[in-house]
Amino acid sequence: MCLLLGATGVGKTLLVKRLQTILPRRLSSRDGKGDLGDPPPTRPTVGTNLTDIVAHRRITIRELGGCMGPIWSSYYGNCHSLLFMVDASNPTQLSASCVQLLGLLSAEQLAEASVLILFNKIDLPCYMTIEEIKSLIRLPDLIACAKQNITTVEISAWKGTGLSEVLRWLEDTHRTNG
């Protein structure tokens, strides 16, 4: 099981829908690229969404709404991987996201989970650079102190930038972690 977590409005639902769109394209073309078309409509998730991504094996992604932050820990059991999404265009939300991430990294049930931090919305003109974000949340220190294996990637769920890297990470992580 893969958990997809992040604050409200960071793009979690769009990410899952785009991953479902990009996978068939990647399997049917040599380079996996091509126009993804207009982004599908989304609504804020209130509760949880389960989505299966089937590549080399079935990967179930459980997306939890940002408003469910206080009870995320109820879903940590059987979590092999964690996608944590941050809105790179919203500096006022960054400190709250950092607090959420610290809570996730310190949770005993997630000590063995692989973590992919997604810096989303890099297509917007007001996005913070990865260097700015890493500095503001002291990411090198977080990575050095965390028990988990942490990877980061910049994405645009809206345009599809970086999604093939996310899919590759999911495949690699679930190939080894089951």
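Annotations
- Nearby aspartates and glutamates by direct alpha-carbon distance to LYS147 (threshold 16 angstrom, same-chain neighbours under 8 apart not counted): GLU108, GLU112
- Placing unit charges on each Cβ (+1 for Lys and Arg, -1 for Asp and Glu) gives the chain a dipole about its Cα centre, and among ILE22, GLY162, GLY9 the Cα reaching farthest toward its positive end belongs to ILE22.
- Nearest-20 debye value, the chain charge dipole, Cβ charges on Lys, Arg, Asp, Glu: 440 debye
- What the range 82-178 shows is 48 Å² of accessible area per residue, with the surface traced by a 1.4 Å probe over protein heavy atoms.
- Solvent-accessible area of the chain (1.4 angstrom probe, protein heavy atoms only): carbon and sulfur portion equals 51 percent.
- Using the Karplus relation 6.51 cos²θ - 1.76 cosθ + 1.60 with θ = phi - 60°, the per-residue 3J(HN,Hα) values for the range 144-158 come to 5, 8, 6, 7, 7, 7, 10, 10, 10, 8, 8, 9, 10, 5, 5 Hz, with x marking Gly and Pro.
- Note, ³J(HN,Hα) from phi for the range 90-95, Karplus 6.51, -1.76, 1.60, rounded to Hz, x at Gly and Pro: 10, x, 6, 8, 4, 5
- Residues whose amide H falls under 5 Å from that of TRP158, counting only those 5 or more places apart or on a different chain, are LYS121, with hydrogens built in the peptide plane.
- Full-extension gain in nm, LEU50 to CYS67, via 0.36 nm per residue minus C-alpha separation: 4.5 nm
- Here the calculated FRET efficiency for THR92 and ASN149, from their Cβ-Cβ distance with R0 = 45 Å, stands at 0.95, rounded to the nearest 0.05.
- Computing FRET efficiency as 1/(1 + (r/R0)^6) for THR21 and LEU102, where r is the C-beta to C-beta distance and R0 is 45 Å, gives about 0.90.
The values are calculated or read from the model by the stated rules, or taken from the named source; none is laboratory data. Given the structure is predicted, the values throughout are model-derived calculations rather than measurements. A quick note on method: Cβ atoms are made from the backbone with ideal geometry, for glycine too, and the neighbour counts reach across all protein chains shown. The area values use the complete protein model at the heavy-atom level, side chains included, leaving out ligands, DNA and RNA. Shrake-Rupley method; radii C 1.70, N 1.55, O 1.52, S 1.80 Å.
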